[in-house]
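Okay, so here's the structure we're looking at.
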Amino acid sequence: MQEKVDTGLRERKKRATRDAIVAAATELYLADGPARTSVTAIAAAAGVAPRTFFLHFASKEEVLFHHVEEFAATGVARARAADGPWEAVQAGVGAMIDAFTTTGADRLAGLRVELVAAGPPASLAVRLGAVHDDLLVAVCQRFPGADPERCAAHLGAALGAVGAAAVATVRGSAARDSAARDSAARGGAASGGAASGGAARGGAASGGAACDSAARGGGPAGTERAMRTALARAGAGFREPEPAA
């Protein structure tokens, strides 16, 4: 009995430490960006040693995807309950869209997409590859008469379409935000020039902050819409696979 109590306590402490690391990394990433955030800084903010960080995550990038396996399990369950092969693919990939866009109040959606677009570290690539394999196995087991190669092709097409839509949306938003900040800075400088250099800097900072706020408020929602639209379009020409010979 005591052993069960001790095990439960250890698991709760482990989960609490992991949650603290995720929370600390989230705030640092949003404030400084992943490139300027170190494992040492994350560990210090979470109140743990760097070696403790590595007991939970293989790299600082993986913190952004701490929840992937949970959403993958949801996707597999949805795929196993689907009415057809494409519906199974759609359900599974839809769960992965959730993983990118609905965790952490959407605040990290853009960072996740940017990381994958730039090329994730090897350890994360292995995890994402395992998610793909689990979804494909779920679809094939749910519909044993479907051609596995065609199911794999449709899953790959769906993931590719969703990924391309996400990357295009995030990069497009970044370009628009940069242009808006430049415009705000020029406007602030012109207005401030009539008063003082300090006012100019204040106008530029306020304009930039407003653009950042708008981007945070609308960017992730736009990314999610683009991903879901791409998923729906990927299946527009889908035809039920012929049973394997």
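Annotations
- Residues of the range 130-156 that are within 17 Å of residue 235 (Cα to Cα), charged (D, E, K, R) and either at pLDDT 95 or above or part of a helix (DSSP H, G or I) (or both): 149, 150.
- Subset of the range 15-39 (residues that are small (Gly, Ala, Ser) and under 18 Å from residue 49 (Cβ atoms)): 16, 20, 23, 24, 25, 38
- Filtered residue count, the range 57-70, keeping only those that are in a helix (DSSP H, G or I) and crowded, with 18+ Cβ neighbours inside 10 Å: 6
- Between 82, 117, 109, 99, the distinction of being farther than 18 Å from residue 23 by Cα and either modelled with pLDDT of 90 or more or within 10 Å of the chain's Cα centre (by Cα) (or both) belongs to 82 only.
- Residue check, residue 111 within 18 Å of residue 169 (Cβ to Cβ), of a type outside the set (Lys, Arg) and touching a Lys or Arg at 6+ places or on another chain (Cβ under 6 Å): no
- Members of the range 51-102 that are farther than 26 Å from residue 38 by Cα and of a type in the set (S, T, N, Q): 74, 90
- Which listed residue, of 73, 88, 95, 82, is in the same structural domain as residue 139 (by TED's automatic domain parsing) and in a loop (DSSP other than H, G, I, E, B): 82
Residues are listed down the side, and each one gets a yes or a no for (1) over 17 Å from residue 131 (Cα atoms); (2) at pLDDT 90 or above; (3) not aromatic (Phe, Trp, Tyr):
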{"site": "25", "(1), (2), (3)": "yes, yes, yes"}
{"site": "29", "(1), (2), (3)": "yes, yes, no"}
{"site": "34", "(1), (2), (3)": "yes, no, yes"}
{"site": "43", "(1), (2), (3)": "yes, yes, yes"}
{"site": "50", "(1), (2), (3)": "yes, yes, yes"}
{"site": "54", "(1), (2), (3)": "yes, yes, no"}
{"site": "60", "(1), (2), (3)": "yes, yes, yes"}
{"site": "67", "(1), (2), (3)": "no, no, yes"}
{"site": "73", "(1), (2), (3)": "no, yes, yes"}
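The values are calculated or read from the model by the stated rules, or taken from the named source; none is laboratory data. Keep in mind that this is a model prediction, so the values were computed, not measured. FYI the Cβ positions are ideal-geometry reconstructions off the backbone, even for glycines, and counts take in every protein chain you see.
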